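A short write-up of the structure that comes next.
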Amino acid sequence: MYIKPLCTAIALALVVPLVHAQQKYEMKLAYFVGDQHAMSQWLIRWSDQLEKGSGGRLVVKRFPNAQMGPTPQHYDFARTGQADVSWFLHGGTPGRFPLTEIINLPFMVGSSEIGTKVINDAELRAKYLDAEHKGLKILMLFTHQPGGPHTTKKAIRNLDDFKGLRLRFASPTVRDLVGALGATPVGVPPTEISEQLSKGTIDGAFMDYGGVGIAFKLGGIVKYSTELYAYVTSFGLGMNEDFWQKLPPDLRKLVTDTTTGKEAEVGRAWDALDVPGKKAIMDAGGEAIRFSAAEMDKVRRIGADVSEAKIKEYEAKGMPARAVYDSMRGLSEKHARTSKNFWN
């Protein structure tokens, strides 16, 4: 009398894994930069890896160039499930990721490779950073290569030249640096930079060469590039938690395997944008400017003051900013010994 129920149970046990093995999962991937960018190219290759590695069970539908919506909304696109995965900009929602954005303080890291290795440190993420990313399964954190000011009409050849300029910033920490250097910081989403520069609403932007020359194609709009290599901007690649939970174990493993241990690969891809990005600006009539050693010393001292003020501000709010800063600084020095460094 128990044979029939037993047979049914055995049949279900055999069928359920088979259903999972055959079920397809569409993964909506949103990002705010066009496919010409190195990180976009990495995401395209990653999408191919997922589709091939899953035997076609994962089907990636990409939404590049802010097709899904404005840059500041990309974190929430993934958090709410409008997207399943997104590449998002921490500085797009100021104040939301304060400890993570300590990596953006002046002269914290000398390359994307260093920065990406630092903010993916397992202990640092587990203890401080991942908790700031509520609602997402963080697959990877990364930074662009160090940047500086690019201007349309007035060249910045020394510190005095910052006065009176309205310069776009990418995050609260960069905003403080812009102000401390003597300029007026203005918040502008990445996709609106070209328009605001052309209209004269802003006089320039703090960006990396990859962003200026390749991602947003500002050659011919910006005329002067002052090579401070003073800061990086941080980003994340995150998956909606519900989407992560519904994936079967083998597909979760595939996602994890294809995004773990990729820090050097991703960082070097970003750093490699510096040369072609600069070339695009110079070929369009731009001028590259380097400060004297004495002026750079002044910039570094200003940067140190900005960092100390930001740490004290966060500590006063009960955040472990000093511990995070010290950890990031130590990791930066460690990875600088074996990584690309624009300060050398």
(request) For F243, work out the one condition from (1) exposed (fewer than 15 other Cβ atoms within 10 Å of the Cβ); (2) on the phi < 0 side of the Ramachandran plot it doesn't fulfil. (result) (1)
(request) Sort out which residues of segment 91-130 are of a type in the set (A, V, I, L, M, F, W, C) and under 25 Å from N344 (Cα atoms), and write them in order of number. (result) I102, I103, L105, F107, M108, V109, I114, V118, I119
(message) Condition first: under 24 Å from R175 (Cα atoms), in contact (Cβ under 8 Å) with a residue 12 or more places away in the chain and among the charged types (D, E, K, R). Can you find one or more residues in segment 96-109 that meet it?
(response) yes
(message) If I go through segment 318-344 residue by residue, how many of them are in contact (Cβ under 8 Å) with a residue 60 or more places away in the chain and either of a type in the set (F, W, Y) or more than 23 Å from Y209 (Cα to Cα) (or both)?
(response) 12
(request) Output the residues belonging to segment 76-90 that are closer than 21 Å to Y325 by Cα and open to solvent by less than 10 Å² (accessible area, probe 1.4 Å). (result) H90
(message) Considering only segment 135-149, I want to know if a residue exists there that is in a helix (DSSP H, G or I) and either aliphatic (A, V, I, L, M) or open to solvent by 20 Å² or more (accessible area, probe 1.4 Å) (or both).
(response) no
(message) Give me the residue from segment 206-232 that is under 17 Å from the mean Cα position of the chain (by Cα) and not in a helix (DSSP H, G or I) and, out of that set, modelled with the lowest pLDDT.
(response) F216
(message) Quick check on segment 156-194: of everything there that is in contact with an Asp or Glu (Cβ under 7 Å, 6 or more places away or on another chain) and in a loop (DSSP other than H, G, I, E, B), which residue is most open to solvent (accessible area, probe 1.4 Å)?
(response) N158
(request) Quick one: K117 ticks every box in (1) within 15 Å of L237 (Cα to Cα); (2) in a helix (DSSP H, G or I); (3) open to solvent by less than 10 Å² (accessible area, probe 1.4 Å) except a single one, so which number is it? (result) (3)
(message) Among the residues that make up segment 68-78, is at least one of them hydrophobic (A, V, I, L, M, F, W, C), in contact (Cβ under 8 Å) with a residue 60 or more places away in the chain and part of a loop (DSSP other than H, G, I, E, B)?
(response) no
(request) Tell me the helices (runs of 4 or more DSSP H) entirely within segment 243-344 that contain at least 1 residues that are closer than 23 Å to L159 by Cα and within 21 Å of the chain's Cα centre (by Cα). (result) 274-283, 293-316
(message) Take S54 and tell me if it is crowded, with 20+ Cβ neighbours inside 10 Å, touching a residue at least 40 places away in the same chain (Cβ under 8 Å) and either over 23 Å from V174 (Cα atoms) or among the aliphatic types (A, V, I, L, M) (or both).
(response) yes
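The values are calculated or read from the model by the stated rules, or taken from the named source; none is laboratory data. Predicted model, so just to flag it, every value in this text is computed and none were measured. Virtual Cβ from ideal backbone geometry, glycine too; neighbours counted across all protein chains shown. Only protein heavy atoms, including side chains, enter the accessible area calculation; ligands, DNA and RNA are left aside. Shrake-Rupley method; radii C 1.70, N 1.55, O 1.52, S 1.80 Å.
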